[in-house]
Amino acid sequence: MRTLSQSEKLRLFEGHALFGQLSAEDIEALLSHARFHHHNAGDLIFAKGSPGRSMMAVIEGSIRISSTAIAGREVVLAILHPGEIFGEIALLDGGERTADATAMTDCDILIVDHRDFIPFLEHRGDLCVKLLRILCHRLRQTDEQVEAALFERLEGRVAKALIRLSAENRNGGKPDAPVRLRVSQQELAGMVGASRESVNKQLHVWARGGFLQLGKRLIVIRDPTVLEELV
């Protein structure tokens, strides 16, 4: 993979909650020892329980963060797109990975090692505070996801998941503009804690109503704002 230019490095972290405010010099220092890696669609990037000594940033492609329940069902915790960062927990404590990371498409990722990041973080108290806020936000999201799986109706859970995915894929477009989601029904089922068959039935109800179109590993939402009425 080619080396990123300075402008591409800046765009990689632009708008990120943790690294979005870094100066060009800080980014250059942080990435001076970073390395790049390519993964083909379906590759396991890392497994839950494996040693974790690095943080990764998505440059191209999509990555699924998931965990497998005791009964064998996969729970999808997040689907990541270019510009998003994952693996922060293992980066900070050097412990085991807390989930699986799988390439949904061909992916290019940037890797920053624990030994290079921690010395940088020790001199940036402002980033430590931001990192705490990010981790707290993710914990709240996890609590909400568990609560929804236990108490909310399937229709509302699927609508919320599609709304969240639509917002992540909008790229600055209008809220009511059509959105194409490259996600399988199995992955969507993992996000809402339901069976693929139940999610398939709900999606076809909405497809017959004209809210969306279904294809192979594709969901086209004609107007994401309509789903908000179902939450």
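Each value in this text was obtained by applying a stated rule to the coordinates, not by laboratory testing. Small disclaimer: the values here were computed from a predicted structure and weren't measured. Ideal geometry is used to build each Cβ from the backbone, glycine not excepted, and the neighbour counts take in all protein chains shown.
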Only Lys, Arg (+1) and Asp, Glu (-1) charged, at Cβ; the chain dipole about Cα centre in debye: 700 debye
Within the chain, helix-based [θ] at 222 nm, where runs of 4 or more DSSP H residues each add -39,500 (n - 2.57), nearest 500: -13000 deg cm²/dmol
Convex hull volume of the range 153-228 per residue (C-alpha atoms, cubic angstrom): 75 Å³
R0 of 45 Å, Cβ-Cβ distance Glu147-Glu8: FRET efficiency to nearest 0.05: 0.70
Long-range amide H partners of Arg97 with built H, under 5 Å: Gly49, Ser50, Gly52
Rel. contact order, % - alpha carbon contacts under 8 angstrom, at least six apart, the range 1-142: 31 percent
Relative contact order [Cα under 8 Å, 6+ residues apart], the range 74-231, whole percent: 25 percent
Separation between Cα centres of the range 87-113 and the range 201-227, rounded to whole Å: 32 Å
The range 21-53 versus the range 125-184: alpha-carbon centroid distance in Å: 23 Å
Length gained when the stretch Ser32-Arg182 is fully extended (0.36 nm per residue, less Cα-Cα span): 50.7 nm
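For the chain, how big is the tail of P(r) above 21 Å, as a whole percent of Cα pairs?
For the chain, the share of Cα pairs beyond 21 Å comes to 59 percent.
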Förster radius 35 Å - calculated FRET efficiency between Val226 and Ser67 (Cβ-Cβ, nearest 0.05): 0.65
